[in-house]
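The values are calculated or read from the model by the stated rules, or taken from the named source; none is laboratory data. A quick note: this is a predicted structure, and the numbers were derived from the prediction, not measured. Glycine also receives a Cβ, built like all others from the backbone with ideal geometry; neighbour counts cover every protein chain displayed.
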Amino acid sequence: MSIQAPRGFNDILPGEQYGWRDSYRWQRLEEIFREVARLYGYQELRPPMVEYVDLFVHGVGATTDIVTKEMFNITPRGDDPDARRMAMRPEFTAGLVRAYLENGMPNNPQPTKIFAYGPAFRYENVQKGRFRGFHQLDVEVFGAQDPAVDAEVIKLGLDVVARLGLTGLVVSVNSIGCPNCRPRYREALQNHFRPHLGELCEDCNTRFERNPLRLIDCKRDAGHPAQQSAPVTLDYLCDDCRTHWEGLLSHLEAMGIPYQIDTRIVRGLDYYTKTVFEVLHPKLGAQSALWGGGRYDGLIEVVGGKPTPGVGFGMGMERVLMVLEEEGLTAPFADRPRLDVFVVTLGEAARPVGLKLLYELRDAGISADIDYLGRSLKAQMKYAGKQNSRYVVILGEDEVQRGEASVKNMDEGTQESVPLDQIISHVRRAEV
Ligand code: HAM
């Protein structure tokens, strides 16, 4: 029997040879994200990986691709009294809003600044940088309207990738207005596209009534003259949205963040209002958004809270790590942890002494390992070398009787006899 991972799901593995799938790179990226989030005053919330489908239908949007085509649904057992359908989360924002409300967090001093990370699931067509199981680094700020927060969120993401050494990013921003100004814009879009419906794809025809904004970023109709000449949201913003938009741009300028305005960005989730943004990298080709986000001032109310503004982003971990690999950027992953000591034992009498030393080393915070396969001396030495250990402590029967061991410094190739009770201090001394 040969079973493979489900299509579109990846194993994250220990070892440099796995490139972007090297688990050490993932750990470092998560560490960097947590560190930057902490610097910005964000705290971690861990929502479940499964939510009721209704949350995504109402939160992300009933007509979005995510909900109509890409949901990983779970069918509960037939005798489950709570037989509402559940789904694996396709993104974090809706679940974080639910958790914020369900746990009384609006009663805390606002704003609430949250970070979260982990797997998300979308039943997509698998291609480069697009998976069915993927991972996001996510931040959200609930309860602040100030465009300085939109700028903060953009800057936070840029700080994460700056620590990885990634350059050449393009920050694209747009404003898609609010329920005040959107109807006028929708109408303008419908008037513009109506004469061309026959030439546009099936999806665009369905979206025309329910979600005409998506007509301007449809990939299938990209290049159609009607798409090129479509009216742009920025010309339809109400005073409030315009002030917010100008505020955002002036904050980005004050922070020295280069950006481009891309009126084609509308995003694939329905909850956005005002600010939307995407950060692109040319190396990713068609799937070029490393991350995306924006403001969603109506979402918290939709999920059952009082009207509360919100803004955040989701960053694709696979995409960030794939670009780093393509760019050959290994510096942030260079100092991989090494094994401090490998304990080699020879003969029956040395074995219990070796095992005791092994646990003493670990208790002292020195990483250590031993052979469990009954290897010969030569094979143990070879294995210790493969483990990239700094020291090999060799316990032969004679040495054990003298209360000593040979300690080999693998980097320098030197070897000396050390009394057993001084091995820990010997290894430590060499550390500093
Ligand atoms: P999104 O644009 O759907 O937004 O996803 C954010 C990022 O997740 C994308 O830019 C991409 O890097 C990654 N991503 C999405 N789908 C896939 C996939 N199938 N394979 C690999 N990577 C993928 C959201 O999810 C929003 N919740 C972001 C947000 C947070 N907006 C406000 N707060």
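Just so you know, in region 133-142 the residues that are more than 7 Å from the ligand (Cβ to nearest atom) and either without any contact (Cβ under 8 Å) to a residue 24 or more places away in the chain or under 22 Å from residue 324 (Cβ atoms) (or both) include one that is surrounded by the fewest Cβ atoms within 10 Å (Cβ to Cβ), and it is 133. Across region 291-313, which residue is nearest to the ligand (Cβ to nearest atom) among those that are over 16 Å from residue 151 (Cβ atoms) and crowded, with 24+ Cβ neighbours inside 10 Å? Among those residues, the one meeting the criterion is 296.
Being modelled with pLDDT under 95 and within 16 Å of the ligand (Cβ to nearest atom): is that true of residue 145 here? Considered against the rule, which asks whether it is modelled with pLDDT under 95 and within 16 Å of the ligand (Cβ to nearest atom), residue 145 comes out as no.
At least 2 residues being out of contact with any Ser or Thr (no Cβ under 9 Å at 6 or more places or on another chain) and within 30 Å of residue 15 (Cα to Cα) is the threshold, and among the strands (runs of 3 or more DSSP E) wholly inside region 341-420 those reaching it are 341-345.
Against the condition touching a Pro at 6+ places or on another chain (Cβ under 8 Å) and among the hydroxyl-bearing types (Ser, Thr, Tyr), how does residue 2 come out, does it pass? No, not satisfied.
Determine whether residue 348 is of a type in the set (D, E, K, R) and within 11 Å of the ligand (Cβ to nearest atom). Here the answer is no, as residue 348 does not meet what is asked. Only residues that are more than 26 Å from residue 212 (Cβ to Cβ) and part of a loop (DSSP other than H, G, I, E, B) were counted in region 137-180, giving 10.
Residues in region 235-278 that are within 19 Å of residue 155 (Cβ to Cβ) and aliphatic (A, V, I, L, M): 248, 249, 252, 254, 255, 257, 261, 265, 276. Filtering region 93-130 to residues that are within 14 Å of the ligand (Cβ to nearest atom), surrounded by fewer than 21 Cβ atoms within 10 Å (Cβ to Cβ) and either of a type in the set (Phe, Trp, Tyr) or in contact (Cβ under 8 Å) with a residue 60 or more places away in the chain (or both) leaves 98, 118, 119, 123, 124, 126, 127, 128, 129, 130.
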